[in-house]
Amino acid sequence: MNELFFSYIEGRSVLHRLDPRTKLVSVMLLSVVVLRASSFQDMVLLSSAFLLFALLAKQGIKHHLNSLRPMLLFFIFIFLVEVMFSESEGSFYLGPLGVSYEGLWKGMLVTSRFILLVLFASLLISTTRPALITLGIERMLRPLPLSLLGISSYDLATMMSISMRFVPLLHESLQQITEAQVSRGMDLRRNPLKAIPSIAVPMIRNTLRVTEDLAMAMESRCYQGAYRTSMLELDLHKEDWLSLLMLAFIIILFFYSPI
Amino acid sequence: MSVIVENVSFSYARKTQLEQMVLDKVSLKIGEGEFLVIMGEVGSGKTTLVKHFNGLLKPIFGKVTVDGYNAASVHARKLVGMLFQFPQQQLFARTVFEDVAFAPSNFGISGEELRSKVSWSLKLVGMDEKITSRSPFSLSNGHMRLVALAGVIAASPKYIVLDEPFTGLDPKGIKELSKALAQVHAMGVTIVVITHNLDHVLPSATRMVFMGQGKIAFDGTPDNYFLSTLPQIPDIPLLMRELRRCGVKVKDQIFDVEEAFQEIMRIKRMGTAHE
Ligand SMILES: Nc1ncnc2c1ncn2[C@@H]1O[C@H](COP(=O)(O)OP(=O)(O)OP(=O)(O)O)[C@@H](O)[C@H]1O
Ligand SMILES: [Mg+2]
């Protein structure tokens, strides 16, 4: 079992007790802010906000940093793309590549935006039971006229929370397949052309099989989407209003900051 | 020449709240030509232990060597072939031939040598040559596993480690696989098998290790194991042990229903002859 990242961790902190809707709205708003962040100060402000929240969640930064690990390649990739394809003239050369300081800065900015997004998402997931996330999303989507599209808010919420639940599972299966192929002498660095299909093919087959199994398991347990009743009820408390207020304050500070 | 595990300790998720000792100062020496069966409770660290044999996991304390090489070295990895619980998950190539050829070609074998290696290992596990051009995904569950085993054998390892290879196979698949294992063992390859059901490998097993909570609780011959009070003793040896305890003089080395039946009939005949 690999339960080390992107999964719920039992706890009793303030963040655990907040209503899932509060946390969902907060993460969405914070994501907008993160994507608009463009200066060094912005990044410092947002990172401090993250540190503050992590402190409140009483889980240690380590867990959240672990969530970044599976996406390391992706971060490196977007960093390199940004550095290589930024417009301005190269100011120094790395091999045949012209690299400008501006490109470097842009690469770092874009990469740190993604890192912050993942960190905030990790915070949400580690402090909220999956069932509560689903319920929160469902309640928030209920006013939308989704039935016109032939789906219910409940279906949509279930799909979202299941996909989130699958992240650690997929990572575990990736690890198993990699171990099996490494045991057969696969070498990703020396021979990527041969190594990548040897991981990708079983991975895709696995994923398809797991989703099929899950769908069947849900149906055989009489999953019927919208007709479900819920075991949990949601209520907004004083803490929720307080944290939303605090968040509003951070965002105002961000957009109208005097610095 | 052997696999030597010296005082190995290991835990997952180091320095987090989830850390727990999975292997606790385990020492084990696996000699050439052995057929070692590893049994033990769920979560006792069997899989964790064998992943040290080819360096997939590295010990926190202690040392693992294979024929004198560090287990994490490329050299050791060539010596140790590993087959995981659902080996069909590792199949990926378009044809059975390509899949079996994956390991040896990674270790630098090509051309005619590769071709003969592949057909040799398929034959060794009892697979028909005709399937080489088929897609590995078109095979039955049991045959997929035999192909995966052939894929490990094709790299000519000295040691083959199998983690619960029998799970999910039907009786016919189990029989084919255990026959293949006995055959590979007879070729001089050292075999290490993790299993919950000793029945499947009993006739070939030369040694038994039982793990409990990260430690080795028993290490000895299958016969001694049957005399112990450990759980998971298969039915027939258990029956023989109980008969012996009641004074019935049954022979050693009786593992399956057929042999037990013959033995009981023999004793019955002796009994009637006395009267
Ligand atoms: N990747 C991992 N991360 C964290 N903990 C793990 C991991 N793999 C195994 N463990 C834990 O280590 C312990 C031993 O696991 P291991 O898989 O070695 O047991 P096992 O004897 O093979 O059990 P089984 O019979 O179920 O296969 C278990 O408590 C398990 O929860
Ligand atoms: Mg295991």
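The values are calculated or read from the model by the stated rules, or taken from the named source; none is laboratory data. These numbers were taken from a predicted model, which means no experiment stands behind them. FYI the Cβ positions are ideal-geometry reconstructions off the backbone, even for glycines, and counts take in every protein chain you see. Remember, those area values only see protein heavy atoms, side chains included, never the ligands or the DNA or RNA. Shrake-Rupley method; radii C 1.70, N 1.55, O 1.52, S 1.80 Å.
How many residues does region B:17-43 hold that are within 14 Å of chain A (Cβ to nearest Cβ) and either exposed (fewer than 15 other Cβ atoms within 10 Å of the Cβ) or more than 9 Å from ligand 1 (Cβ to nearest atom) (or both)? I'd like the intermediate steps shown before the answer.
Step one: list which residues in region B:17-43 are within 14 Å of chain A (Cβ to nearest Cβ), which gives B:17-20, B:22, B:42-43.
Filter once more, so that each one left must be either exposed (fewer than 15 other Cβ atoms within 10 Å of the Cβ) or more than 9 Å from ligand 1 (Cβ to nearest atom) (or both): B:17-20, B:42-43.
The number of residues fulfilling the criteria is 6.
Output the qualifying pairs, or none if there are none: Cβ atoms under 6 angstrom, residues six or more apart or on different chains, first residue in region A:60-73 and closer than 12 Å to A:His171 by Cα, second residue part of a helix (DSSP H, G or I) and at pLDDT below 85.
Short answer, once both residue conditions are applied: A:Pro70/A:His171.
Give the residues of region B:242-264 that are part of a helix (DSSP H, G or I), touching a helix residue (DSSP H, G or I) at 6+ places or on another chain (Cβ under 9 Å) and open to solvent by 50 Å² or more (accessible area, probe 1.4 Å), sorted by residue number.
Looking only at region B:242-264, we keep the residues that are part of a helix (DSSP H, G or I), and these are B:242-245, B:257-264.
Next, only the ones that are touching a helix residue (DSSP H, G or I) at 6+ places or on another chain (Cβ under 9 Å) stay: B:243, B:257, B:259-260, B:263-264.
Listed by number, the residues that qualify are B:Val257, B:Glu259, B:Ile264.
When region A:119-131 is examined, which residues are found to be assigned to a helix (DSSP H, G or I) and surrounded by 19 or more Cβ atoms within 10 Å (Cβ to Cβ)? Reasoning before the result, please.
Here is the first cut: in region A:119-131, the ones assigned to a helix (DSSP H, G or I) are A:119-127, A:130-131.
Answer for region A:119-131, where residues must be assigned to a helix (DSSP H, G or I) and surrounded by 19 or more Cβ atoms within 10 Å (Cβ to Cβ): A:Leu119, A:Phe120, A:Ser122, A:Leu123, A:Leu124, A:Ile125, A:Ser126, A:Thr127.
Yes or no, residue by residue, for (1) in contact with a strand residue (DSSP E or B) (Cβ under 6 Å, 6 or more places away or on another chain); (2) closer than 19 Å to B:Leu49 by Cβ:
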| residue | (1), (2) |
| --- | --- |
| B:His143 | no, no |
| B:Glu164 | yes, yes |
| B:Ala180 | no, no |
| B:His185 | yes, no |
| B:Ile191 | yes, yes |
| B:Pro203 | no, no |
| B:Arg207 | yes, yes |
| B:Leu230 | yes, yes |
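Does B:Ser2 meet the test of being surrounded by 15 or more Cβ atoms within 10 Å (Cβ to Cβ), more than 7 Å from ligand 1 (Cβ to nearest atom), under 24 Å from B:Tyr225 (Cα atoms) and small (Gly, Ala, Ser)? Even if it seems obvious, please write down each step before you answer.
Working: surrounded by 15 or more Cβ atoms within 10 Å (Cβ to Cβ): yes; more than 7 Å from ligand 1 (Cβ to nearest atom): yes; under 24 Å from B:Tyr225 (Cα atoms): yes; small (Gly, Ala, Ser): yes.
Taking the combined requirement at face value, the residue satisfies it.
In region B:103-117, is there at least one residue being open to solvent by less than 30 Å² (accessible area, probe 1.4 Å) and hydroxyl-bearing (Ser, Thr, Tyr)?
Within region B:103-117, not a single residue is open to solvent by less than 30 Å² (accessible area, probe 1.4 Å) and hydroxyl-bearing (Ser, Thr, Tyr).
Could you check how many residues of region B:61-91 are touching a helix residue (DSSP H, G or I) at 6+ places or on another chain (Cβ under 7 Å), free of Cβ contacts under 8 Å to residues at least 12 places away in the same chain and within 13 Å of chain A (Cβ to nearest Cβ)?
1
Taking region B:204-225, which residues are more than 16 Å from ligand 1 (Cβ to nearest atom), open to solvent by less than 20 Å² (accessible area, probe 1.4 Å) and touching a Leu at 6+ places or on another chain (Cβ under 7 Å)?
If the condition is that a residue be more than 16 Å from ligand 1 (Cβ to nearest atom), open to solvent by less than 20 Å² (accessible area, probe 1.4 Å) and touching a Leu at 6+ places or on another chain (Cβ under 7 Å), then B:Pro222 is the only one that fits.
Of the residues in region B:159-195, how many are hydrophobic (A, V, I, L, M, F, W, C) and more than 12 Å from B:Arg145 (Cβ to Cβ)?
Summing the residues that are hydrophobic (A, V, I, L, M, F, W, C) and more than 12 Å from B:Arg145 (Cβ to Cβ) in region B:159-195 gives 11.
Looking at region B:128-140, I want the residues that are polar (S, T, N, Q) and have a partner that is part of a helix (DSSP H, G or I) with Cβ atoms under 6 Å, at least 6 apart or on another chain. Which pairs are those?
Close Cβ pairs satisfying both conditions: B:Thr132/B:Val96; B:Thr132/B:Phe97.
For the condition more than 14 Å from chain B (Cβ to nearest Cβ) and either open to solvent by less than 60 Å² (accessible area, probe 1.4 Å) or at negative phi (or both), what is the one hit in A:Arg184, A:Arg142? Even if it seems obvious, please write down each step before you answer.
Working: A:Arg184 fails: more than 14 Å from chain B (Cβ to nearest Cβ).
Unique residue meeting the criteria: A:Arg142.
Run B:Gly214 past the list (1) touching a strand residue (DSSP E or B) at 6+ places or on another chain (Cβ under 8 Å); (2) away from ligand 2 (no atom under 16 Å from the Cβ) and report the number of the one that doesn't hold.
(2) is the only condition that B:Gly214 fails.
Residues of region B:171-203 being outside any helix (DSSP H, G or I) and either at pLDDT below 85 or open to solvent by less than 30 Å² (accessible area, probe 1.4 Å) (or both), which ones?
Of everything in region B:171-203, those that are outside any helix (DSSP H, G or I) and either at pLDDT below 85 or open to solvent by less than 30 Å² (accessible area, probe 1.4 Å) (or both) turn out to be B:Val189, B:Thr190, B:Ile191, B:Val192, B:Val193, B:Ile194, B:Thr195, B:Asn197, B:Val201, B:Leu202, B:Pro203.
I'd like to verify a number: residues in region A:147-166 that are surrounded by fewer than 16 Cβ atoms within 10 Å (Cβ to Cβ) and either within 15 Å of the chain's Cα centre (by Cα) or assigned to a helix (DSSP H, G or I) (or both), how many? Let's see the steps before the verdict.
At the first step, the residues of region A:147-166 found to be surrounded by fewer than 16 Cβ atoms within 10 Å (Cβ to Cβ) are A:147-151, A:159-160, A:162-163.
Checking the rest, the ones that are also either within 15 Å of the chain's Cα centre (by Cα) or assigned to a helix (DSSP H, G or I) (or both) come to A:147-149, A:159-160, A:162-163.
The total comes to 7.
Go through (1) open to solvent by less than 40 Å² (accessible area, probe 1.4 Å); (2) within 12 Å of A:Thr128 (Cβ to Cβ); (3) within 14 Å of chain B (Cβ to nearest Cβ) one by one and return the number of the condition A:His63 breaks.
Among (1) open to solvent by less than 40 Å² (accessible area, probe 1.4 Å); (2) within 12 Å of A:Thr128 (Cβ to Cβ); (3) within 14 Å of chain B (Cβ to nearest Cβ), A:His63 violates only (2).
For region B:121-143, which residues satisfy the criterion of being open to solvent by 20 Å² or more (accessible area, probe 1.4 Å), within 14 Å of another protein chain (Cβ to nearest Cβ) and in a helix (DSSP H, G or I)?
Passing the criteria: B:Phe137, B:Ser138, B:Asn141.
Quick check: is even one residue across region B:46-56 within 14 Å of chain A (Cβ to nearest Cβ), aromatic (Phe, Trp, Tyr), within 16 Å of ligand 1 (Cβ to nearest atom) and closer than 30 Å to A:Lys62 by Cα? Show your work before the answer.
Residues of region B:46-56 within 14 Å of chain A (Cβ to nearest Cβ): B:47-48, B:50-56.
Keeping just the survivors that are aromatic (Phe, Trp, Tyr) gives B:53.
Next cut, within 16 Å of ligand 1 (Cβ to nearest atom) only: B:53.
Those left that are additionally closer than 30 Å to A:Lys62 by Cα: B:53.
Yes, that holds for at least one residue.
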